[in-house]
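Undergrad: Dumping the structure here so I can ask a few things about it.
The values are calculated or read from the model by the stated rules, or taken from the named source; none is laboratory data. Being a predicted model, the structure only gives us computed values, none of them experimental. Here the Cβ positions follow ideal geometry from the backbone for every residue, glycine too, while neighbour counts run over all protein chains shown. Quick note on the areas: whole protein, heavy atoms, side chains included, nothing else; ligands and nucleic acids left out. Shrake-Rupley method; radii C 1.70, N 1.55, O 1.52, S 1.80 Å.
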Amino acid sequence: MAFIKLKNITYTYPLAKEPALRNMSCELERGKFYGVIGENAGGKTTFCNLLRGLIPHFYRGELEGEMTIDGQEIRNIDVDILSTQIGYIFQNPFTQISGVKKTVFEEIALGMENLGVPKEEIIQQVIEIAELVKIEDLLQKDPNQLSGGQRQKVAFASIIAMDTDVFVIDEPTSQLDPQGTESIFEIIDKLKKQAKTIILVEHKIDLVAEYADELIVIGQGEILAKGDVHQVLSDFSLQTRGVMFPQAALLSKALSEKGFDFPNIPVTKSECIQMLKERMR
Amino acid sequence: MEQIELKHVYFQYPNGYLANEDLNLTVKKGEQIAIVGQNGAGKTTAVKLMNGLHKPSKGEVIVDGKNTKKFTTAQIARYVGYVFQNPDDQIFNQSVYAEIAYMPKYYKMSASEIKNRVEESAALLKIESFLDKNPFEIPYVMRKFVTIAAILATKPQYIILDEPTAGQDLKGIEVLADLLKILKKQNIGTVTITHDMDFVANNFERTVVMANKRIIADGKTRDIFGEDDILRESKIKRTLAGEVAVELGMGKCILNIPDFLQEWSKLEVKDGK
Ligand SMILES: Nc1ncnc2c1ncn2[C@@H]1O[C@H](COP(=O)(O)OP(=O)(O)OP(=O)(O)O)[C@@H](O)[C@H]1O
Ligand SMILES: Nc1ncnc2c1ncn2[C@@H]1O[C@H](COP(=O)(O)OP(=O)(O)O)[C@@H](O)[C@H]1O
Ligand SMILES: [Mg+2]
Ligand SMILES: [Mg+2]
């Protein structure tokens, strides 16, 4: 049975003239890594708010259609319980920091404290997560005196620390340097290998294409495409709807316009190198 | 001299943390540079020194011949406009229009001049349709564009953009690339901090690299991306086309897809027909 199921979901924010989501239907399975892409204002964050139950429980507005998580209708779900099952990393890293804690250490511990995790375990977990996210040197700093990227890493760490089965992650690398970005993807990959379900919104399509199992393309409130990464990205017409394509695909497209045809469209760097090497022999 | 100059600049935060060490940098009026480098390297700290939001703990910052220590931040900000990394640190008005109009009003410009400037700036960022919205109710990237428009409306001599590319989509990146071209024509100096290597490769001839509180490189973008040590130390990467070129033994000087096409056409390869 599908883990999350949407059927003809239409949602309008309070006072908004137009719906932010239109007639969306899809099914998500447990244990998969979904990459959500698409142009800004298309509805990606709204989709996340829905998966986490913030719509309809926090944002009022008007919700039509049916949606279930683990068989339970979303309108009847207890969001407090849902919050212990689905970790949600907000889009804006500047608002995720609580502002009430004096050190990064306490900030990362906050979520676990709220879940009632024993103290010893919290300390252990904070240290482990800090190593994983490579922010050990920030643990004693004041969360309000961090650089933009450092904040984003702390926000990520504090949600990952809660070790939920499902993570909804909205643009976690927007403020990160290229190597920091790659390590976030490596961590997400690790989570996936622990059978976690991941829904990741991200513009950095080169990395999404490399790591995600499936893509969900959202635009103008609709699901424009959903499926296997190669299959979705073989349709260049999505470019006209504001979808970014991997540099590997764009390079092969540019080469084919110069008369070098390739049998398949590469989406990752290694595929691209492989294909070009064959030509060089 | 019309330029921003950092001379042996050090900066220490009030809590004692030393965030910049011995920065030396000159940005001429009309010039456009990118600043890249690892998170926490000190980029934001460094650019805040350029518009007087920070004053150096040691060393000097000279804007068009004037030492920033002798002027207030408000005085310098008229020359050097800074767009904050986090738009919420900058925005405080209840409508997008009021936010952009705020500084022109503060400078006591005529009503028609204010209106012109708001409309002109909003058009450059393609946010005309948001003018009557509350800035706190529009998406993050749009808020960022509001803050850029607000600084443009002051018509400064220099503009500093702190991570304008963060979270942008295809259209947003295009708007920013076009904006840079317009600023270039207007001979306005720009300093752009970004983690988007494609954006750097496609739009900047000069790149400054920071790591561990210092400037570790300053030069032609092409040369910077050719140096493995610099990339490693500052945690930046080549573009994908650049990385592919290195892997294929095509050299380290390929910046982006157009470069790649040019080099590829010189090789003897099977054309696939
Ligand atoms: N208000 C502050 N008080 C004390 N230390 C600070 C303060 N703001 C920043 N820092 C520290 O100064 C260092 C440089 O921060 P800065 O914001 O300049 O980095 P950055 O290069 O802009 O990074 P990013 O790419 O993440 O935005 C960091 O280690 C940060 O923790
Ligand atoms: N809290 C809100 N109130 C009203 N409208 C909103 C709110 N959040 C988002 N919207 C609107 O919903 C649409 C989808 O936005 P969003 O889900 O944030 O898109 P994305 O994450 O793809 O950029 C946009 O038109 C946006 O302006
Ligand atoms: Mg969003
Ligand atoms: Mg910064």
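Undergrad: Would you kindly state how much longer the chain becomes between residue A:237 and residue A:27 on full extension, computed as 0.36 nm times their sequence separation minus their alpha carbon distance, in nm to one decimal?
TA: 73.2 nm
Undergrad: Further, regarding this structure: Rounded to whole Å and sorted largest first, what semi-axes of the equivalent ellipsoid does the C-alpha gyration tensor of region A:149-281 yield via the square root of 5 times each eigenvalue?
TA: Computed over region A:149-281, the values are 29, 17, 14 Å.
Undergrad: Based on the Cβ-Cβ distance of residue B:73 and residue A:114, what FRET efficiency does E = 1/(1 + (r/R0)^6) give at R0 = 35 Å, to the nearest 0.05?
TA: 0.30
Undergrad: Under a plain spin-label model, where a point goes 7 Å from the Cα along Cα-to-Cβ, how far apart in nm are residue B:7 and residue B:93?
TA: 3.8
Undergrad: Mind checking the per residue accessible area of chain B for me, 1.4 Å probe, whole number of Å²?
TA: 44
Undergrad: Please work out the ratio of the alpha-carbon Rg of chain B to 2.2 N^0.38 Å and round it to two decimals.
TA: Normalised by 2.2 N^0.38 Å, the Cα Rg of chain B equals 1.07.
Undergrad: Cα atoms only, region B:53-146: Rg and Dmax in Å?
TA: For region B:53-146, the Cα radius of gyration and maximum Cα-Cα distance read 15.4, 46 Å.
Undergrad: What is the distance in Å between the Cα centres of region B:45-119 and region B:133-154?
TA: A separation of 15 Å, based on Cα centres.
Undergrad: When a/c is below 1.5 the answer is rounded, else prolate if a/b is larger than b/c, else oblate, so apply that to the protein assembly as shown with a ≥ b ≥ c taken from the square roots of the Cα gyration tensor eigenvalues.
TA: rounded
Undergrad: Taking the Cα centre of chain A as origin, sum charge times position over the Cβ atoms of Lys and Arg (+1) and Asp and Glu (-1), and report the length of that vector in debye to the nearest 20.
TA: 560
Undergrad: Given R₀ = 22 Å, FRET efficiency for residue B:202-residue B:128 by Cβ-Cβ distance, to 0.05?
TA: With R0 = 22 Å, the Cβ-Cβ based efficiency is 0.25.
Undergrad: So if I place +1 on the C-beta of Lys and Arg and -1 on the C-beta of Asp and Glu, and nothing else carries charge, what would the dipole magnitude of region B:65-150 be about its Cα centre? I want it in debye, nearest 20.
TA: That gives a dipole near 520 debye.
Undergrad: Let me ask another. Between B:61, B:194, B:71, whose Cα lies farthest towards the positive end of the dipole of region B:3-237 when Lys and Arg beta carbons carry +1 and Asp and Glu beta carbons carry -1, centred on the Cα centre?
TA: Of the options given, the answer is B:71.
Undergrad: Using a probe radius of 1.4 Å on protein heavy atoms only, what is the accessible area buried between chains A and B, both sides summed, to the nearest 100 Å²?
TA: Roughly 3900 Å² of accessible surface disappears when A and B pair.
Undergrad: Taking every pair of alpha-carbon atoms in chain A, what share in percent sits in each 10 Å bin, from 0 to the bin with the longest distance?
TA: P(r) for chain A, in whole percents per bin: 6, 27, 32, 23, 10, 2, 0.
Undergrad: How long are the semi-axes of the equivalent ellipsoid of region A:37-96, taking √(5λ) for every eigenvalue λ of the Cα gyration tensor, in whole Å from largest down?
TA: 20, 15, 11
Undergrad: Continuing with this model, one more query. Could you let me know the centre-to-centre spacing of region A:54-84 and region A:2-22, using Cα atoms, in angstrom?
TA: Taking the Cα centre of each part, region A:54-84 and region A:2-22 sit 12 Å apart.
Undergrad: From the alpha carbon gyration tensor of region B:164-214, can you work out the equivalent ellipsoid semi-axes (sqrt of 5 times each eigenvalue) and give them in Å, largest to smallest?
TA: 19, 16, 9
Undergrad: Still on this structure, please answer the following. Mind pulling the per residue volume of the convex hull built on the Cα atoms of region A:51-173? Å³ is fine.
TA: Value for region A:51-173: 114 Å³ per residue.
Undergrad: Of all accessible surface on chain A at a 1.4 Å probe, what whole percent is carbon and sulfur?
TA: For chain A, the apolar C and S fraction of the accessible surface comes to 47 percent.
Undergrad: Something else now. Among the chymotrypsin sites (Phe, Trp or Tyr not before Pro) within region A:18-91, which fall in a DSSP loop and have no more than 16 other Cβ atoms within 10 Å of their own Cβ?
TA: Counting only loop positions with at most 16 other Cβ atoms within 10 Å, the chymotrypsin sites (Phe, Trp or Tyr not before Pro) in region A:18-91 are A:58, A:59.
Undergrad: Too long at a 18 Å Cα-Cα cut-off: which of B:29/B:235; B:29/B:184; B:48/B:108?
TA: Distance filter (> 18 Å) returns B:29/B:235; B:48/B:108.
Undergrad: With labels modelled as points extended 7 Å from the Cα through the Cβ direction, what inter-label distance (nm, one decimal) is found for residue B:116 paired with residue A:62?
TA: Distance between label points: 4.4 nm.
Undergrad: Compare the Cα positions of A:59, A:86, A:251 along the charge dipole of chain A (+1 at Cβ of Lys, Arg; -1 at Cβ of Asp, Glu; about the Cα centre) and return the one farthest towards the positive end.
TA: Working it through, the farthest residue towards the positive pole turns out to be A:251.
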